[in-house]
Structure formats: structure tokens, C-alpha cells
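Before any comments, here is the structure.
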Amino acid sequence: MKYEEIENNNNDYYIEQINSKNKENVVKGLLGLALYGSDFEFIQDTLVNFSKSEDENVRGVAILGFGHIARLYGKIDKDVVIPIVLNGLKDKSEFVKGQSTAALDDINFFTER
């Protein structure tokens, strides 16, 4: 997976990317939704769903998205998200582990304990 800038667009654009079934587009859509989406609950629910993906890139980026929304919104449903992030720390994929570490750091820093 390569790093690239994510365009600031609207929810519909990101949803179209996520629904494309193309893994690269799904990743870009998830990141875009987490960074620029406008409906916190929808974003969080979408990330929760994709955090269960069999694809390590999709799964890792979905978990990373939790950190982004914690930073941007100053909140997260910890009862739902923290168990997912903690499981990510034990994932077989080093990528998912790294994204989970980053997400946990942001969640702890940007939300109330």
C-alpha cells in the first residue's frame, strides 16, 4: 500500500469508493470518510464494519480511522471501539498492529478517559 493524499470530498463520493469493491478504492474511501465525513455515527459504524475485513489493508485503515475521528470529533464510542483496537494490537498483520497502535494513541490523547 502506498501513501497518497486523500481528497476532501462529500460522503457520497467516499461511499461510492467504499462500495466499489476495489481494495485501493475501499481504503481511500474509508480514509476520506474518517477525515472528511460529516456524520460521526455513520462514519464510526462504517469503520466498525470494515474493521472485520479479511483484507489486512482494509482492516488496518478502518482501525486507524477510529483515531482520526477521535481527533476530529473529540469523542468515540469506547465500549464498541476499544475492544476492536485492542484485538488489532494482537492481529497477525504487522500493518494492522501498527495502525491499531496509532489509533489507540489518538483515542487516548483526544478523548476523555
Look at the stretch 1-40 and say how many of its residues are under 16 Å from the mean Cα position of the chain (by Cα), of a type in the set (K, R) and surrounded by fewer than 18 Cβ atoms within 10 Å (Cβ to Cβ).
-> 1
Selected residue [closer than 25 Å to E7 by Cβ, under 12 Å from the mean Cα position of the chain (by Cα) and not acidic (D, E)] from I84, I69 | I69
Scan I6, I15 and give me the residue that is without any contact (Cβ under 8 Å) to a residue 40 or more places away in the chain, more than 19 Å from V81 (Cβ to Cβ) and either hydroxyl-bearing (S, T, Y) or part of a helix (DSSP H, G or I) (or both).
-> I15
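Throughout, read-outs are computed from the coordinates displayed, never taken from laboratory work. The model shown is predicted, which means the values in this text are computed figures rather than measured ones. Note that each Cβ is placed from the backbone with ideal geometry, even for glycine, and that neighbours are counted across all protein chains shown.
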